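As structure tokens, the structure follows; a few thoughts come after it.
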Amino acid sequence: MLDQIKLPFTWIKTLSNELHWSFIYGVIITYGICQGFGGGLGGVATDFYWKDVQLLQPSSAQFYDGITNVPWMVKPVWGLFTDLVPVLGFRRRPYFIMSAVLGVISTLTLSLHNKLPVKLAVLMLTLQSWGVAISDVTIDALVARNSVTYPALAADMQSLCGFSASLGGLLGFSISGLLVHAMGPQGVIGLLCIPFALIFSVGMLLKETKVPNISYNQVSEKFLQAGKSMWSALKCPQIWRPCVYMYLSLTLSLDISVGMFYWYTDPTVGPNFSEGFIGFIYSIGSVGSLLGVLLYQTKLKDHPFRNILFWAQLLSCLSGMLDLIFILRLNLILHIPDRFFAVIDICTSKLVGNLKWMPLLVLSSKLCPNGIEGTFYALLMSIDNAGLLSSSWIGSILLHFLNVTRDEFGNLWIAVFVRNLLRLVPLAFLFLVPESCQNDVILPEGFLEGNCNNDDIELVSNDFRDDNDGDMMNGNIEDLTRVDSESVSLIER
């Protein structure tokens, strides 16, 4: 038992020894504190902010939520900056600092103004999201670079990211409802200055080699060259096919979460959950996410991409039926209390969601050409975020079409049923996902020089890497890390 408790700490220590402690610190702060803990606090606070402060209808709140996520779609722009435009000789540290400044300004503005116009509130929440996105793309660039340098640790790094985000979300959601009840939504939003201050510390402490003799006059040429490289890669079937699957998978899982939130808190036809219990069930959702990461890390990380995504997509549809049972109040017929059923519902859906998310993260981390790691990784994930934005806006349209309002939820079950059926559609497009295992290296050497035909590319297996005299650990990995026959993709987060 004691050995099991020590295992995560031993794992993190091992990663720190291989990758330097400041990188591990950056991952934990960015994913665990800013996105996990801060996302837990901010997610619940923002829902109540739209409902109780701005008094919006569910469809409008869902639409504005989509707008605030737009910065995640333009992450490749910041990826280009972090790769090609060093500030004072550093590629990553200044962008963490910029992220922190944007976050502090936006959260303080939302917190200190009691009657902020809706449009200005949307702008401030978008700037806050922008701050998180910049720190995310910067740490992702480091993850992608290390995944190329240490391909054997790629799955472990993604597991650390997922583990940190889930644990941070658990802590954030567990106290979010109580804080919203005690301080109000705006007070909780003001507390988000703390995670952004810690992001600032990452920018100060990160170990990074200073880049000498930067010619800023050549920046436009570098941008053009990077754009050509990305376009060359995206034209290859190994990349665009998984990207199409990722987009469809996320878009067709319609986001109607705001409508569900309004129903949760409705005293007439809903279960009338309090702020504290809303935070509690969201924290249980983080437990489900954490269990999903642990299940993936211990049992599923060696399975082929296509197999795990098939079962994850199918389970996503089945787990969504729990929402339908809940809204139709069939749980009461089965003598299952609302609170208990809500806990089971969200825990299951979050666990299944991470089982689908983690392999896509691993796949995308291995598709990044040297020199533009941050940009290409961000580009892949921006496709995911475009899918999430489409999901949110289509969900908003569906809620509006079905006349789901602040006090009318008669057709909410139809929205849930349509969402669940659409989750089956991506199964027809699984042929777009590579069959390769998650431990295989992706993209052969010379990939960007035109070697992207399926017939010319062979899978580079772990056995091959092990037989090459330790070149991978000596840093001469370019010959070993460019993968495969039909691979490439994705996201997350």
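For the reader, a short list of remarks on this structure follows.
- In this simple spin-label approximation, residue 314 and residue 113 carry label points 7 Å from Cα along the Cα→Cβ vector, and these lie 5.1 nm apart.
- For residue 181, net neighbour charge (Lys/Arg +1, Asp/Glu -1) across residues whose Cβ lies under 15 Å away: -2
- Where labels lie 7 Å past Cα in the beta-carbon direction, separation of residue 274 and residue 209 in nm: 5.7 nm
- Between residue 330 and residue 70, full extension at 0.36 nm per residue minus the direct alpha carbon distance yields a gain of 89.9 nm.
- Viscosity 1.002 mPa s, temperature 20 °C, Stokes-Einstein D of the stretch 1-129 from Kirkwood C-alpha radius, µm²/s: 124 µm²/s
- Radius, Kirkwood style, for the stretch 205-341 when every pair of distinct Cα atoms is counted (Å): 20.1 Å
- For the stretch 224-264: rounded, prolate or oblate by the Cα gyration tensor [a/c cutoff 1.5]: oblate
- Ranking by accessible area, most exposed first, for 21, 130, 413, 263 with a 1.4 Å probe: 21, 413, 130, 263
- Ellipsoid semi-axes in whole angstrom, largest first, where each is sqrt(5λ) of the Cα gyration tensor of the stretch 98-231: 33, 22, 14
- Potential extension, residue 339-residue 424 segment - 0.36 nm per residue separation minus Cα distance: 27.8 nm
- Theoretical FRET efficiency, 1/(1+(r/R0)^6), r = Cβ-Cβ of residue 302 and residue 21, R0 22 Å, to 0.05: 0.20
- Total formal charge among the other residues, if their Cβ is under 10 angstrom from that of residue 398, Lys/Arg +1 and Asp/Glu -1: 0
- Using R0 = 41 Å, the C-beta based FRET efficiency linking residue 414 and residue 88 works out to 0.15.
- Measuring r between the beta carbons of residue 244 and residue 397 and using R0 = 22 Å, the FRET efficiency lands at 0.50.
- Counting protein heavy atoms only, the stretch 1-140 has 71 percent of its accessible area on carbon and sulfur, 1.4 angstrom probe.
- Fully extended contour minus Cα-Cα distance, from residue 178 to residue 52, at 0.36 nm per residue: 43.8 nm
- The stretch 282-412: proportion of alpha-carbon pairs further apart than 23 angstrom, %: 49 percent
- C-alpha center-to-center spacing [the stretch 136-168, the stretch 293-340] in angstrom: 25 Å
- Spherically averaged projected area in nm², based on the convex hull that wraps the Cα atoms of the stretch 122-170: 3.9 nm²
The values are calculated or read from the model by the stated rules, or taken from the named source; none is laboratory data. Just so we're clear, the structure is a prediction, and the values are computed from it rather than from any experiment. Because the Cβ atoms are built from the backbone with ideal geometry, glycine has one as well, and the counts that use them run over all protein chains shown. Keep in mind that these areas ignore ligands, DNA and RNA; they rest on the heavy atoms of the full protein, side chains included. Shrake-Rupley method; radii C 1.70, N 1.55, O 1.52, S 1.80 Å.
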